[in-house]
Amino acid sequence: MKPVYERVLLKLSGEALMGDQEFGISSEVIGSYARQIKEVVDLGVEVAIVIGGGNIFRGLSGAEQGVDRVTGDHMGMLATVINSLALQNSIEKIGVQTRVQTAIEMPKIAEPFIKRKAQRHMEKGRVVIFGAGTGNPYFTTDTAAALRAIEINADVVIKATKVDGIYDKDPVKHSDAMKYETVTYTEVLNKDLKVMDATAISLCRENSLPIIVFNSLLEGNIRRVITGEDIGTTVIEG
């Protein structure tokens, strides 16, 4: 099947990288992501990625333990860079060129984020991984994903999760939870559906950028989303 999107922003959570572990990076999970990303690059799709750092450190949880919030958020940003480098390594091992760009400059290991450079890399078939969030405390990697997607003119944000879409309540805790096929940005905000934080959803709404939430742990699902198969939940304008 042909892809229905030319340029996508894939949002990966740091927690998903843990697999069955309590922390850190599962080689099995990161290997699966690398293979799935290669599948869509081979289809000619331009791919950018924003990855979280919750498998290593979260600013909010650090604040609960007495770490200053700004310091904690900066620690979380560095955790996303560790994940970005790990993902880069896995993707390049299977023959796909990548570049890591960071919102906090660290030229020894990554390029600084430059919009035009990122777009040029993607035009040349390279996967671009954006690390360090937005570079600012108090902003999540979901907001970074929405922001970068808008900046690089992505067609869609595809958010990889452990569940197969958006539900009206937690499907793990409630057997009667109802899955949405499509939902509007306003419904997500009004019903507090926990898809992304409010800033990220508002950015997507203001720029009419669709979001697809799906289960990325089922191998092949990234390709299925990009070729238009009806999986997951789509967040769109009402």
message = touching a Pro at 6+ places or on another chain (Cβ under 6 Å) and in contact (Cβ under 8 Å) with a residue 24 or more places away in the chain: is that true of T186 in this structure?
response = no
Residue under evaluation D170, criteria (1) within 17 Å of the chain's Cα centre (by Cα); (2) under 24 Å from R58 (Cα atoms); (3) not hydrophobic (A, V, I, L, M, F, W, C), criterion not met = (1)
key: Flag if L87 is part of a helix (DSSP H, G or I), under 16 Å from H121 (Cβ atoms) and among the aliphatic types (A, V, I, L, M)   = yes
note = For N89, the lone unmet condition from (1) loosely packed, with under 15 Cβ neighbours inside 10 Å; (2) more than 25 Å from G24 (Cβ to Cβ) is (2)
message = Please go through the stretch 12-53 and give me each residue that is more than 26 Å from G125 (Cα to Cα) and at pLDDT below 90, ordered by number.
response = E15, M18, G19, D20, Q21, E22, F23
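If I go through the stretch 110-130 residue by residue, how many of them are in a strand (DSSP E or B) and in contact (Cβ under 8 Å) with a residue 60 or more places away in the chain?
4
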Matching residues, the stretch 188-231, being more than 14 Å from the chain's Cα centre (by Cα) and among the charged types (D, E, K, R) = K191, D192, K194, R205, E206, E219, R223, R224, E229, D230
note = Those residues of the stretch 92-125 which are more than 13 Å from V50 (Cα to Cα), in contact with a Ser or Thr (Cβ under 7 Å, 6 or more places away or on another chain) and buried (at least 19 other Cβ atoms within 10 Å of the Cβ) amount to A110
query = Does G66 satisfy the criteria of being of a type outside the set (D, E, K, R), surrounded by 22 or more Cβ atoms within 10 Å (Cβ to Cβ) and part of a loop (DSSP other than H, G, I, E, B)?
reply = no
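Yes/no per residue for (1) in contact with a helix residue (DSSP H, G or I) (Cβ under 8 Å, 6 or more places away or on another chain); (2) of a type in the set (A, V, I, L, M); (3) free of Cβ contacts under 8 Å to residues at least 24 places away in the same chain:
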{"position": "G24", "(1), (2), (3)": "yes, no, no"}
{"position": "A34", "(1), (2), (3)": "yes, yes, no"}
{"position": "L43", "(1), (2), (3)": "yes, yes, no"}
{"position": "G53", "(1), (2), (3)": "yes, no, no"}
{"position": "E64", "(1), (2), (3)": "no, no, yes"}
{"position": "D73", "(1), (2), (3)": "yes, no, no"}
{"position": "T80", "(1), (2), (3)": "yes, no, no"}
{"position": "T98", "(1), (2), (3)": "yes, no, no"}
{"position": "Q101", "(1), (2), (3)": "yes, no, no"}
query = Taking the stretch 42-63, which residues are assigned to a helix (DSSP H, G or I) and surrounded by fewer than 20 Cβ atoms within 10 Å (Cβ to Cβ)?
reply = D42, L60, S61, G62, A63
query = How many residues, within the stretch 91-125, are more than 11 Å from V81 (Cβ to Cβ), under 17 Å from the mean Cα position of the chain (by Cα) and not hydroxyl-bearing (S, T, Y)?
reply = 5
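The values are calculated or read from the model by the stated rules, or taken from the named source; none is laboratory data. Because the structure is predicted, anything quoted here is derived from the model rather than measured. Glycine also receives a Cβ, built like all others from the backbone with ideal geometry; neighbour counts cover every protein chain displayed.
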